[in-house]
Amino acid sequence: MLRAISLFCVLFATWLLLSGHTDPMLVGFGVASCALAVYIARRMDIVDHEGHPVHLTWRIPLFWAWLGWQILKSSWDVARRCVSPGPPIDPRIIRVPVSQKTDVGVVTYANSITLTPGTVSMRTFRDEIEVHALTGAAADDIESGEMDRFVTKVEGHG
């Protein structure tokens, strides 16, 4: 029931922010449409810990800030390598271990790797991820385990 209430609040807040309407009749229609969406989601049995991970809510903004910084650093490195003849690329394929306990955690880790320029998650296994890295430095960064530890901490297991 907590997940359904939380889902309703998220849906309604999104509706309110995107619509910008404060007329009571339109707000009532927004409440009704969000309630209907939650009812349908509950009937379909998709309001679960993976579909709406309430337990991650307070950790997500910190993770987004950290991931944004990683993306900026990697973007700068890749852009520098594209425009200057000096720093070479050294592509390699590596396998990194996974310490996340849930499928959501593993997928978050794999997507975080892919979002970071210079690295792409190629295949995901239960205990490791196969990654293509553009440079040795990018491979070393992934192999250091910092991102793995951070995602595990966000997941609530670290």
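Test residue 105 against the stated conditions and say whether it is at pLDDT below 90 and under 16 Å from the mean Cα position of the chain (by Cα).
Here the answer is yes, as residue 105 does meet what is asked.
Does any residue in the stretch 60-74 that is closer than 17 Å to residue 152 by Cβ come within less than 9 Å, Cβ to Cβ, of a residue that is of a type in the set (S, T, N, Q) six or more places away or on a different chain, and which pairs are these?
63/108; 63/112; 67/112; 67/116; 70/112; 70/116
Here are the criteria: (1) at pLDDT 95 or above; (2) under 17 Å from residue 151 (Cβ atoms); (3) of a type in the set (A, V, I, L, M, F, W, C). Tell me which single one residue 93 does not satisfy.
Unmet for residue 93, out of (1) at pLDDT 95 or above; (2) under 17 Å from residue 151 (Cβ atoms); (3) of a type in the set (A, V, I, L, M, F, W, C): (2).
Could you tell me how many of the residues in the stretch 94-131 are assigned to a helix (DSSP H, G or I) and either of a type in the set (Phe, Trp, Tyr) or free of Cβ contacts under 8 Å to residues at least 12 places away in the same chain (or both)?
Number of matching residues: 3.
Being small (Gly, Ala, Ser) and in contact with a helix residue (DSSP H, G or I) (Cβ under 7 Å, 6 or more places away or on another chain) is the filter here, so list the residues in the stretch 6-32 that pass it.
Selection gives 6, 19, 30.
Can you name the condition, by its number, that residue 86 falls short on among (1) exposed (fewer than 11 other Cβ atoms within 10 Å of the Cβ); (2) in a helix (DSSP H, G or I)?
Every condition holds for residue 86 apart from (2).
Has the stretch 126-146 got at least one residue that is under 29 Å from residue 9 (Cβ atoms), touching a helix residue (DSSP H, G or I) at 6+ places or on another chain (Cβ under 7 Å) and surrounded by 15 or more Cβ atoms within 10 Å (Cβ to Cβ)?
Scanning the stretch 126-146 turns up no residue that is under 29 Å from residue 9 (Cβ atoms), touching a helix residue (DSSP H, G or I) at 6+ places or on another chain (Cβ under 7 Å) and surrounded by 15 or more Cβ atoms within 10 Å (Cβ to Cβ).
Across the stretch 27-46, what is the total count of residues that are hydrophobic (A, V, I, L, M, F, W, C) and surrounded by 12 or more Cβ atoms within 10 Å (Cβ to Cβ)?
Counting residues in the stretch 27-46 that are hydrophobic (A, V, I, L, M, F, W, C) and surrounded by 12 or more Cβ atoms within 10 Å (Cβ to Cβ) gives 9.
Might you let me know whether the stretch 48-58 holds any residue that is at pLDDT 85 or above and aromatic (Phe, Trp, Tyr)?
no
Looking only at the stretch 1-17, how many residues end up being within 20 Å of the chain's Cα centre (by Cα) and among the β-branched types (Val, Ile, Thr)?
Count: 2.
The values are calculated or read from the model by the stated rules, or taken from the named source; none is laboratory data. Note that the structure is a prediction, hence the values are computed from the model and not measured. All Cβ positions, glycine included, derive from the backbone under ideal geometry; neighbour counts span all protein chains shown.
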